[in-house]
1. Looking at residue 194 and the list (1) over 30 Å from residue 79 (Cβ atoms); (2) in contact (Cβ under 8 Å) with a residue 12 or more places away in the chain, which single condition is not satisfied?
2. Could you identify the single residue in 86, 144, 121, 130 that is touching a residue at least 12 places away in the same chain (Cβ under 8 Å), more than 27 Å from residue 49 (Cα to Cα) and of a type in the set (S, T, N, Q)?
3. Among 153, 167, 145, 217, which is the only one that is within 14 Å of the chain's Cα centre (by Cα) and among the hydrophobic types (A, V, I, L, M, F, W, C)?
4. I need the full set of residues from the stretch 45-59 which are in a loop (DSSP other than H, G, I, E, B), within 14 Å of the chain's Cα centre (by Cα) and either modelled with pLDDT of 95 or more or β-branched (Val, Ile, Thr) (or both), in order please.
5. Return yes when residue 37 is part of a helix (DSSP H, G or I), buried (at least 21 other Cβ atoms within 10 Å of the Cβ) and at pLDDT 95 or above and no when it is not.
6. What's the total number of residues in the stretch 106-129 that are within 21 Å of residue 150 (Cβ to Cβ), surrounded by fewer than 21 Cβ atoms within 10 Å (Cβ to Cβ) and in contact with a Leu (Cβ under 8 Å, 6 or more places away or on another chain)?
7. Would a scan of the stretch 90-100 turn up a residue that is at pLDDT below 95, part of a helix (DSSP H, G or I) and of a type in the set (Asp, Glu)?
8. Kindly establish whether residue 200 is among the aromatic types (Phe, Trp, Tyr) and more than 16 Å from the chain's Cα centre (by Cα).
Amino acid sequence: MFLQVSHLNKSYPDTVGTLTAVNDVSFTLAVGEIVGLLGSSGSGKTTLGRLLTGLTASDSGSISLDGQIISFDSQKARRSYYRQVQYIFQEPAASFHPMHTIGKAIMEPLLHNGYSHAQAQKRVNELLQQIGLPAEYADRYIYQISGGEAQRIAIARAISIRPRLLICDEITSSLDTLTQQKIISLLLSLHKQYGTALLFITHDIFLAAAFCRRLLILSKGRLVEAGNTQTILHAPQHPATQQLLEAARNLTI
């Protein structure tokens, strides 16, 4: 397996004691696999996503890439990991410097990974074309574009160095249905072109089921169900999975 997560734990102090956000979570991802990570609000899915990228430090457990345990305390190991694993935030605008142009934001990871300025500029133009935006968007700022456009820009920046895994944290939740479809189509196109694995974090089980081959269900920080998408849809075993399905059905009525 390309990515192996073993017994991850994360707790936070709470007003009544301790809140366990991620509780002994273990799973694997294969090369090029598309997996949905689902759970209701407060289930721990965003915390887990942040643990997988070192944005939040775990209390215990390990993350291995190609059999090598990752230490986020090591700058060298962290940089090597980030060349292969990229995180896309739910609110893309918050992850961009408001005083940097879109072109500069996309160029930054390229320049940190051996591209010359001319090579990076050429790659920015290629990426903008790939996500369906005009080249002149490179001179705009993140606050000058729509939410759907900002999410496409965030994807362009994440894929600029061709990572092996994209972790997508509720990236379509604030978008209208048509824009959601465009974002998913873009992700699937990139997956087909580069073989990029996707960990798609969402609360919408029907959305995930439309393109994820396997689902992981979180509830109260624990991984309570995992398996083939169609098996889970037709024979959900855990109440948390059943509740996600019921909620999704109610939304479609």
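The values are calculated or read from the model by the stated rules, or taken from the named source; none is laboratory data. The structure displayed is predicted, hence computed values, not measured ones. Note that we place each Cβ from the backbone using ideal geometry, even for glycine, and neighbour counts take in every protein chain shown.
1. Residue 194 satisfies every listed condition except (1).
2. Numbers: 86 fails: more than 27 Å from residue 49 (Cα to Cα); 144 fails: touching a residue at least 12 places away in the same chain (Cβ under 8 Å); 130 fails: more than 27 Å from residue 49 (Cα to Cα).
Being touching a residue at least 12 places away in the same chain (Cβ under 8 Å), more than 27 Å from residue 49 (Cα to Cα) and of a type in the set (S, T, N, Q) holds for just one of 86, 144, 121, 130, which is 121.
3. 167
4. Passing the criteria: only 53.
5. Details: part of a helix (DSSP H, G or I): no; buried (at least 21 other Cβ atoms within 10 Å of the Cβ): yes; at pLDDT 95 or above: yes.
The answer is no for residue 37.
6. So the answer is 1.
7. no
8. Values: among the aromatic types (Phe, Trp, Tyr): yes; more than 16 Å from the chain's Cα centre (by Cα): no.
Against the criterion (among the aromatic types (Phe, Trp, Tyr) and more than 16 Å from the chain's Cα centre (by Cα)), residue 200 does not qualify.
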